[in-house]
Amino acid sequence: MDQSKKPSATTTPEPNDDDTSRLKSLFADGKLVHPYLSREFFQDSSSSTSSPKDHVTLNFVDLAASLAICCGVTSSCSSEDDGKLACTSSNKIISTALTDEDIQRRRLQLAAEIDGGGSGRKHIVLILCDGMGNSILQNTLNKQSFLNRNNQTQRLRAVFPSTTPAALTSLATASWPGIHGMPGWNLREKMGCDFPGMTTHSPVQLLVLSDHIKDAQSGKLASEMGFDSWDEVFVEQPWARHVGGTSSDGSNSKKPTTKQRRMIYINAYNGDDYQEWSQGTMMNDKERKRKHSDATDFSEWQMGKQASETKKQSSSTLFETAKIEETAFDTLGEPKGSVDAIQYYRDGINAALDLIAKAERHDEKTFTYLYTAHPDKHMHALGVEHIEVRNVVHGIERETERFWRVLGDREALLSGTYDMDSSSGGVEQENRLKKEDDAVDATVMLTADHGHVTVQPEDMVVLPECILELLEYACIGVHGKGRHGYLHCRAGLQKPLQQRWKAIDELHQHFLLLTIEEAIEIGLFGPKHMRMEVRPRLGDFVSISIGTKTLPMENEAFCHQGCCQGAHGSLNPDEMHIPFILLEPSSR
């Protein structure tokens, strides 16, 4: 590079031009969305008589905690220790708005709304459609469509970063990304301390949404890179591990005082490391090798199963799984891709109906979690506006409406005659729905982990060499990581990075560069603090995209010349506003 073109390392920032102030202004204007504070919170409130408490909104973490409450996990299962907190927010206004008492009160209220109060709903179903934010529904379906007319669009927000590992780990732990340890993809971590002439372990790039929890760079299992257990990767336990009065070591800590729900997990990834962790399994490498060769980790962790359980014991636990197929990447963009995605979602709906019918016959209460990777998978490959994305969203709506209709007809559910098109038998089912006694006592909650934006080739901004030479790791990428890039500086080069970033118009205009401490203080990773174990994984800075500009790796920018991609991970309204579709007997 021509040294004469390199930005000066002595550039003086403009007064009052810090990116924290810019971020607050963008929140106040509604151009960006805070994970749990309204735009009014950031506006001049000198003449307002309202309290900061009036400007707090529900977040995906609150939904997760409320579902845990509905499943009998009534107290926090967090293992956080105040002595291990790396950074406590110094923003006393945020702390005032979000006291522990207020947080718990809101979550109990939401749990009562989902559970119906009193003795509780017999069946609770959570459907999570990856990437299907509010804007996707509003721009794809008509206003009076089943999903749009039941969607409370202003009630729920995604976590930051608005990515799948951050969201699904929040769902599994009912904890904020700053607590649970997975605020993004490919997070850099190193176990142990090196000494002269001695190396403990090389740095890893943690990849958890895969067949196994491993290092993305070498492909080695996390256990080979210094992690003794999955709990060292995630640092927070899944709440499912506490279902039924079970403690973290698998022993019975107390007898449940109410009838326990059967826990049902339906997705295309049951058996992988992440699913096993999120379903509550504690598994070491020796036990992992005894599993079938096609097994993967997150599903059993999520369910709370203990590694010491035998196959015979596991079959009699409260947990049950069903696995559906996943759409092949090479069919995305073709009619077959959307047809398959809808069929596999339909299979998931039918599996849920089968298992709920089984529970009805045995007079059991259930919690069912159905996850689909669509429309996210299609949007990443095709952008948000592609016709095949629209086809998938319409198919999801049809099948979800069919699901709700069948739950309104207990006779049809128990007879097993519900595997029909949603348009079939509509009049007969509508007539039956008029009889409230015929309906199954169920609540269905449909939401997403985040929304999406389309990134055009001209929106892909490759980091210049004068920035890269100051970094030892840039956690960026076209599909999401580049919208909240975690930048790890070479030792002592933080200030030059800030100065060079400001001097490059394309970076300074389209991205906010915050230190991780600034991001923590404004509450992006949660309202109060970040765990000590999590802090090193985020590096020194986070670069937050203001619009659709995204930081890809150089090879990605080359590969995607001439074609758009779908992405998410920042604080854009389209990424942060997610559905709150609560279907309950009174809404029929």
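The values are calculated or read from the model by the stated rules, or taken from the named source; none is laboratory data. The model shown is predicted, which means the values in this text are computed figures rather than measured ones. Using ideal geometry, Cβ is built from the backbone for each residue, glycine included, and neighbour counts are taken over all protein chains shown. The area values use the complete protein model at the heavy-atom level, side chains included, leaving out ligands, DNA and RNA. Shrake-Rupley method; radii C 1.70, N 1.55, O 1.52, S 1.80 Å.
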Does residue 571 qualify as being crowded, with 22+ Cβ neighbours inside 10 Å and out of contact with any Ser or Thr (no Cβ under 9 Å at 6 or more places or on another chain)?
no
Within the range 194-211, count every residue that is in a loop (DSSP other than H, G, I, E, B) and open to solvent by 40 Å² or more (accessible area, probe 1.4 Å).
10
Exactly one of 522, 516 is closer than 19 Å to residue 33 by Cβ and under 21 Å from the mean Cα position of the chain (by Cα), and that residue is 522
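Here's the yes/no breakdown for (1) more than 23 Å from the chain's Cα centre (by Cα); (2) on the phi < 0 side of the Ramachandran plot; (3) open to solvent by less than 40 Å² (accessible area, probe 1.4 Å):
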{"residue": "127", "(1), (2), (3)": "no, yes, yes"}
{"residue": "144", "(1), (2), (3)": "yes, yes, no"}
{"residue": "154", "(1), (2), (3)": "no, yes, no"}
{"residue": "159", "(1), (2), (3)": "no, yes, yes"}
{"residue": "173", "(1), (2), (3)": "no, yes, yes"}
Pairs, please: C-beta under 6 Å, at least 6 apart or cross-chain, first residue farther than 16 Å from residue 464 by Cβ and open to solvent by less than 40 Å² (accessible area, probe 1.4 Å) and in the range 539-562, second among the aromatic types (Phe, Trp, Tyr) and not in a loop (DSSP other than H, G, I, E, B)?
539/486; 542/486; 545/511
Which of (1) buried (at least 20 other Cβ atoms within 10 Å of the Cβ); (2) of a type in the set (Val, Ile, Thr); (3) on the phi < 0 side of the Ramachandran plot does residue 235 not meet, given it meets every other one?
(3)
Take the range 338-354 and flag every residue that is open to solvent by 10 Å² or more (accessible area, probe 1.4 Å) and in contact with a Ser or Thr (Cβ under 7 Å, 6 or more places away or on another chain).
340, 344
Which of the helices (runs of 4 or more DSSP H) found entirely inside the range 425-503 contain at least 2 residues meeting this: under 30 Å from residue 401 (Cβ atoms) and at pLDDT below 95?
426-433
Do we find that residue 527 is buried (at least 17 other Cβ atoms within 10 Å of the Cβ), in a loop (DSSP other than H, G, I, E, B), over 20 Å from the mean Cα position of the chain (by Cα) and touching a residue at least 60 places away in the same chain (Cβ under 8 Å) in this structure?
no
Kindly check whether there is at least one residue in the range 558-569 that is within 30 Å of residue 499 (Cα to Cα), of a type outside the set (A, V, I, L, M, F, W, C) and in a helix (DSSP H, G or I).
no
Can you name the helices (runs of 4 or more DSSP H) wholly within the range 218-291 that have at least 2 residues being farther than 30 Å from residue 344 by Cα and at pLDDT 55 or above?
230-234
Go over the candidates 389, 384, 339, 393 one by one and state the one that is within 29 Å of residue 566 (Cβ to Cβ) and assigned to a loop (DSSP other than H, G, I, E, B).
384
For a quick check of your reading of the model, give me the residue pairs whose first member lies in the range 37-61 and is of a type in the set (Lys, Arg), whose second is at pLDDT 70 or above, with beta-carbon atoms closer than 7 Å and at least 6 apart or on different chains.
39/27; 39/28; 39/30; 53/97; 53/102
Those residues that are farther than 28 Å from residue 192 by Cα, of a type in the set (D, E, K, R) and in contact with a strand residue (DSSP E or B) (Cβ under 9 Å, 6 or more places away or on another chain), I need them from the range 531-558; list them, please.
549, 556
